[in-house]
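The values are calculated or read from the model by the stated rules, or taken from the named source; none is laboratory data. Values in this document were obtained by computation on a predicted structure and should not be read as measured data. Note: ideal-geometry Cβ built from the backbone for every residue, glycine included; neighbour counts use all protein chains shown. Calculation scope for accessible area: heavy atoms of the full protein, side chains included, ligands and nucleic acids excluded. Shrake-Rupley method; radii C 1.70, N 1.55, O 1.52, S 1.80 Å.
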Amino acid sequence: MKEFIEFIAKHLVDSPQNVEVDEKTVEEKKVVLSLKVKPEDVGKVIGKQGKTAQAMRTLLTAVAAKDGKRAILEIVD
């Protein structure tokens, strides 16, 4: 899941070398992913009206469901 979000984010931003994804298991079947990008790239990851971020969360939910887990994506400013 971490690699999946990292792949998507790196293709959206201008500075792919600054993309960081931290994966933290909160509960047995719950994973929180924190996405960090440069401040000027945050808008590209979020998208207009949050559409890009919502699409990433939807895809992440589908990938996590295959593993029987629940995933949450946080975009850190």
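Tabulated results
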quantity	calculated
Where labels lie 7 Å past Cα in the beta-carbon direction, separation of N18 and E40 in nm	0.7
On Cα atoms only, tilt of 51-66 relative to the major axis of the chain in degrees	30
Accessible solvent surface per residue of the chain, calculated while the other protein chains remain in place, 1.4 angstrom probe, Å²	65
Those trypsin sites (Lys or Arg not before Pro) in region 1-40 that DSSP places in a loop and that have at most 12 other beta carbons within 10 Å	K29
Where Rh is the Kirkwood radius over Cα pairs, Rg/Rh for the chain	0.96
Of all accessible heavy-atom area on the chain, the percent that carbon and sulfur account for (1.4 Å)	50
The chain - mean residue ellipticity at 222 nm from DSSP helices (-39,500 (n - 2.57) per run, n ≥ 4, rounded to 500)	-12500 deg cm²/dmol
